[in-house]
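Report on the structure given below.
Every number here is computed from the coordinates shown, using simple stated rules; none is lab data. Not measured: the values here are computed from a predicted model. Because the Cβ atoms are built from the backbone with ideal geometry, glycine has one as well, and the counts that use them run over all protein chains shown.
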Amino acid sequence: MSKKNKGINKHDSQIDNRDKTEYAPELTAGDRFFTKGDKKENSNVSVIGYLAILSSIVSLFTYPVTFGIIGIILGIVSIYSGSKTLGYWAVGIGIVTSASSLFFRVALFSYIFSMFY
């Protein structure tokens, strides 16, 4: 009698073949997904980001609402263009300076008008 007829299941040989199969190449990504040198930095993107930061910093010293809003708009354009860090900083600084100057003006006007009542 053959080995298969002596009580050994016919699926045992298939299980042994599955155990010997190497699954690692199917579970890992190939090298084509991890290329560091392919990303080229666009100089226009960084210029927009630096202009956004510059206008937000200028808003700290003069015309806070005007330059703050310009910094916010340029920051959003910079974020969508690819220079995310500069864009987020420009938006943050622009919001802080614009909002604080508006609140300061409201507080100052309310203080001035309260002196006359």
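Normalising the average separation of contacting C-alpha pairs (under 8 angstrom, six or more residues apart) by the number of residues puts the relative contact order of the stretch 43-114 at 33 percent.
Compared with the alpha-carbon gap, the fully stretched path from residue 103 to residue 47 is longer by 17.0 nm at 0.36 nm per residue. Using the Stokes-Einstein relation with a Kirkwood hydrodynamic radius computed over Cα pairs, the translational diffusion coefficient of the stretch 43-114 at 20 °C and a viscosity of 1.002 mPa s comes to 177 µm²/s. Residues of the stretch 71-88 with an amide N closer than 14 Å to a point placed 7 Å from the Cα of residue 54 along the Cα-to-Cβ direction: 71, 74-75. Less than 17 Å from a label point 7 Å out along the Cα-to-Cβ axis of residue 63: which backbone N atoms in the stretch 99-113 qualify, by residue? Residues 99, 101-102 qualify, since their backbone N sits under 17 Å from the label point.
Could you list 62, 85, 97 so that the one with the fewest beta carbons within 10 Å of its beta carbon is first and the one with the most is last? Display every interim value, and only then the final one.
On the way: 62 8, 85 11, 97 24.
Lowest count first: 62, 85, 97.
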